[in-house]
Amino acid sequence: MVAAYLGLGSNLGDRAANLWEATRRLGELRGCTVERSSRLYETAPVGSQEQAWFLNAVLRVETALSPHDLLRAAKRIEQEMGRVPGERWGPRLIDIDVLLFGEKRIASAELTVPHPELWRRRFVLVPLADVVPSGPLADEVRQRLEELGEQQELRPWPT
């Protein structure tokens, strides 16, 4: 089993319900167990500002799936939940990204790990900090957050 981190986002419909449903479905995958879930955070959209704010979360999962199989399963869940292709950084019912997969570094046509925007997105790093155990990765997340500062608006979502 490998620890992997998944970023979830939604800005259409019942955003919190979309994140919870995606979490439930990920937890039902054979060979995948959701170990921890971050708080939900509301964040301003990246790209076009003419859209609703997002709710974001990060999951820590333990998985026996390969990185590419985990990505395929995540994309299948997105489709089953009703996500339709749209503009880059546009509105979406659900978005599931593979952020980290153990210590692996992957650069393929389908998947890049660590996620190419991971270290530049406060809306991913803050919830990631919620679920990363103490150690070198937690230290790196804290350092990257300090470097980013408060440049991206983010607020905890009421529970």
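The values are calculated or read from the model by the stated rules, or taken from the named source; none is laboratory data. All of these numbers come straight from a predicted model, not from anything done at the bench. FYI the Cβ positions are ideal-geometry reconstructions off the backbone, even for glycines, and counts take in every protein chain you see.
Observations on the model:
- Checklist (1) touching a residue at least 60 places away in the same chain (Cβ under 8 Å); (2) not in a loop (DSSP other than H, G, I, E, B) applied to T33, failing item: (1)
- Residue in the range 101-120 that is crowded, with 19+ Cβ neighbours inside 10 Å and at pLDDT 95 or above present: yes
- Scope the range 27-57; condition in contact with a strand residue (DSSP E or B) (Cβ under 6 Å, 6 or more places away or on another chain), hydrophobic (A, V, I, L, M, F, W, C) and at pLDDT 95 or above; matching residues: C32, V34, L40, L55, A57
- You will find that of E110, E146, E62, E103, the residue that is part of a strand (DSSP E or B) and more than 15 Å from G7 (Cβ to Cβ) is E62 and no other.
Here is a yes/no grid of residues against (1) out of contact with any helix residue (DSSP H, G or I) (no Cβ under 6 Å at 6 or more places or on another chain); (2) over 24 Å from I106 (Cα atoms); (3) surrounded by fewer than 21 Cβ atoms within 10 Å (Cβ to Cβ); (4) among the aliphatic types (A, V, I, L, M):
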| site | (1), (2), (3), (4) |
| --- | --- |
| E21 | yes, yes, yes, no |
| G27 | yes, no, yes, no |
| S38 | no, yes, no, no |
| N56 | no, no, no, no |
| L70 | yes, no, no, yes |
| A74 | yes, no, no, yes |
